[in-house]
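The values are calculated or read from the model by the stated rules, or taken from the named source; none is laboratory data. Computed from a prediction, not measured in an experiment: that's the story for all the values here. Counting neighbours? That spans all protein chains shown, and the Cβs are built from the backbone with ideal geometry, glycine included.
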Amino acid sequence: MIDDYIEDEDSFDYAVADERRYIVLVIYDIVDDRKRYRMVRFLEGYGIRVQKSAFEARLTKKQYDRMTTRIHKLIDKGTDSLRIYFLDNHFAVRSWGIGSEHLDEIIII
């Protein structure tokens with residue numbers, strides 16, 4: 001349980017800002033099958049699929065910037081939708097899920 005986890009700032013080593021990893025959640029709704037398949041292939045290069053239209057990843061800021069620069073080319077603004085959640089606060093986040101692949105752990109960002 002998250003209540004059992006107590007963060008002690010003195011015992012936590014922070015990574016260099018460029019190497020710190022952030023949790024990124026990408027959720028999309030793409031009408032065209034071919035474009036949806038391209039999106040899946042693209043996002044598999046960054047993270048894991050946690051639902052049919054959702055990926056989660058741990059990315060450096062540089063990886064995040066590269067992904068967001070390229071991802072807009074895969075979306076038709078007239079018919080599709082895309083949401084990216086970038087969690088960059090310094091809080092403990094409890095991530096859990098049910099299904100084939102999921103990153104189940106306490107994460108410090």
| task | Please give the strands (runs of 3 or more DSSP E) falling wholly within region 16-70 in which 1 or more residues are out of contact with any strand residue (DSSP E or B) (no Cβ under 7 Å at 6 or more places or on another chain) and either polar (S, T, N, Q) or more than 14 Å from Asp80 (Cα to Cα) (or both). | result | 48-51
| message | Let me spell it out: the conditions are (1) surrounded by 10 or more Cβ atoms within 10 Å (Cβ to Cβ); (2) out of contact with any Lys or Arg (no Cβ under 6 Å at 6 or more places or on another chain); (3) at pLDDT 55 or above, and Lys73 meets all of them except one. Which number is the exception? | response | (1)
| remark: By residue number, the members of region 41-53 that are within 20 Å of Lys77 (Cα to Cα) and surrounded by 15 or more Cβ atoms within 10 Å (Cβ to Cβ) are Phe42, Leu43, Ser53
